[in-house]
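Novice: Before anything else, here's the structure in question.
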Protein chains: 6
Amino acid sequence: MRISARNLLKGKIVEIVKGATTAHVRLDVAGTVVTASITNQAVDELGLVVGAEAYGVVKASDVMIAVD
Amino acid sequence: MRISARNLLKGKIVEIVKGATTAHVRLDVAGTVVTASITNQAVDELGLVVGAEAYGVVKASDVMIAVD
Amino acid sequence: MRISARNLLKGKIVEIVKGATTAHVRLDVAGTVVTASITNQAVDELGLVVGAEAYGVVKASDVMIAVD
Amino acid sequence: MRISARNLLKGKIVEIVKGATTAHVRLDVAGTVVTASITNQAVDELGLVVGAEAYGVVKASDVMIAVD
Amino acid sequence: MRISARNLLKGKIVEIVKGATTAHVRLDVAGTVVTASITNQAVDELGLVVGAEAYGVVKASDVMIAVD
Amino acid sequence: MRISARNLLKGKIVEIVKGATTAHVRLDVAGTVVTASITNQAVDELGLVVGAEAYGVVKASDVMIAVD
């Protein structure tokens, strides 16, 4: 499947914290930690585990720009 | 200003394309291009120019995870 | 590629309107028209054309519920 | 109230799972299950119950397009 | 129609700028200007005009918190 | 840090409810309660407490418009 989302950040899963319904998955992307808040169900269905390779996927309209 | 958004991706602006109301700003973040769709107004107000350092900012609930 | 987004709505593309930077793509999903606002670049890269099969993809945290 | 969101998906609630703060509501929309992640508070305030008719509401800028 | 979105900001429309596909609608909400980026189609369909009363509607998961 | 997000709503924190992974923070913004769903981690890192001044921050593409 190819998707319109413009941003695919390749990394390695470094942490998975499951809550009651919502999980936080953290990826190391070239030294920067990227946090994704997704459903527990998605974690299970994709078989996500610490150490696995994965992508953080972000739609361009969800990216803001900041400057110092 | 400090913000709750979990993801700050430091990079350099490599392209700014302004449309009628919406601009696409592309950052090089450690070799990966990150695209942000923001208002033309924000581009002007922040004084964004190609070559400048900037951050891509993404709320954790806007990050999905994909696997091959 | 498999993705954490919980919602995949299979349909057929019925309209593509390109703006200066942003395109609106409309899918017929079982008789309901679904509108996606994506980048022109994504339209070109995925080779989207009217009549083709495609999916509308939506993260669960982007779905609201309404009642009459 | 009429809203600018372009996507109203009419369906029937098939599951409500409440977490500590966040609930997952699943709708059957013409045979496809649509999952919404909303606040527990909204579930209570709207009086959502399994079997009731409801709409999944999605802003066009939150819809991505994917192809096989 | 009642909606799960937690944030309804009542205001008056002070500006509508239409682009090729995307419009920016600005509301005065108790002295603060709130900007919404919506489709031109929604502007037409809702009959939005400067001076009219309207609500800015935001899902709780789309609100970040910042501190000085 | 200055950010491209068009909407900064200045207010005072009136409630913080932490769930397992996700917190709901409520601000009083000129008499209107604004609810933000953010990570527990962000609440801790920003040192958010009831009574403190804070901003609700919203990207323009996450604001919808509704009319009665």
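The values are calculated or read from the model by the stated rules, or taken from the named source; none is laboratory data. Note that the coordinates shown come from a computational prediction; the quantities given were computed from them, not determined experimentally. Neighbour counts are summed over all protein chains in view; Cβ atoms, including those assigned to glycine, are modelled from backbone coordinates with ideal geometry. Note: accessible area is taken over every heavy atom of the protein model, side chains too, but ligands, DNA and RNA are not part of it. Shrake-Rupley method; radii C 1.70, N 1.55, O 1.52, S 1.80 Å.
Novice: Heavy atoms only, probe 1.4 Å: what % of the accessible area of chain B goes to carbon and sulfur, would you let me know?
Specialist: Whole-percent figure for carbon plus sulfur exposure: 49.
Novice: Here is a follow-up. How big is the dipole moment of segment E:1-52 about its Cα centre under a simple scheme where the beta carbon of each Lys and Arg is +1, that of each Asp and Glu is -1, and everything else is neutral? Debye, nearest 20, please.
Specialist: Here the size comes out at about 220 debye.
Novice: Enter the mean number of other protein chain beta carbons within 10 Å of the beta carbon of each residue in D:41-53, as an integer.
Specialist: Per-residue shielding by partner chains comes out at 3.
Novice: Just the number, please: buried accessible area between E and B, total of both chains, 1.4 angstrom probe, nearest 100 square angstrom.
Specialist: 1100
Novice: Taking the square root of 5 times each eigenvalue of the Cα gyration tensor, what semi-axes in Å does the equivalent ellipsoid of the protein assembly as shown have, largest first?
Specialist: Working: eigenvalues 126, 126, 123 Å².
Here the semi-axes work out to 25, 25, 25 Å.
Novice: Turning to a different aspect of this structure: Per residue of E:23-32, what is the mean number of Cβ atoms on other protein chains within 10 angstrom of that residue's Cβ? Numbers along the way, then the final one.
Specialist: On the way: counts 4, 10, 5, 2, 3, 0, 5, 5, 1, 6.
Average per residue, whole number: 4.
Novice: Also, I was wondering about something else. Would you mind getting the accessible area per residue of chain A, heavy atoms of the protein chains only, 1.4 Å probe, in Å²? If you can, show how the numbers build up before the last one.
Specialist: Working: 2440 Å² over 68 residues.
Counting only protein heavy atoms, the per-residue value for chain A is 36 Å².
Novice: Starting from one equal scatterer on each C-alpha and no solvent at all, send me the Debye-based log10 I(q)/I(0) for segment C:7-56 at q = 0.17, 0.18, 0.23 Å⁻¹, two decimals.
Specialist: -0.42, -0.47, -0.76
Novice: Considering the options C:Thr35, C:Ile13, C:Ser61, tell which one lies farthest towards the positive end of the dipole of chain C, charges being +1 on Lys and Arg and -1 on Asp and Glu at the Cβ, about the Cα centre.
Specialist: The Cα lying farthest towards the positive end belongs to C:Ser61.
Novice: Which entries in B:Lys10/D:Lys59; B:Lys18/E:Lys18; E:Lys12/E:Lys59; A:Lys12/D:Lys59; E:Lys10/E:Lys59 show an alpha-carbon gap greater than 26 Å?
Specialist: B:Lys10/D:Lys59; A:Lys12/D:Lys59, as the Cα separations exceed 26 Å there.
Novice: To the nearest 20 Debye, how big is the dipole of the protein assembly as shown about its Cα centre, given +1 on the beta carbon of each Lys and Arg and -1 on that of each Asp and Glu? Intermediate results must be reported in sequence, preceding the final value.
Specialist: Values: 42 positive and 42 negative charges, 0 e Å.
The calculation lands at about 0 debye.
Novice: Average partner chain C-beta neighbours within 10 Å, per residue of F:8-19?
Specialist: Details: counts 5, 10, 3, 1, 0, 2, 0, 0, 1, 5, 2, 10.
For peptide F:8-19, the averaged partner shielding equals 3.
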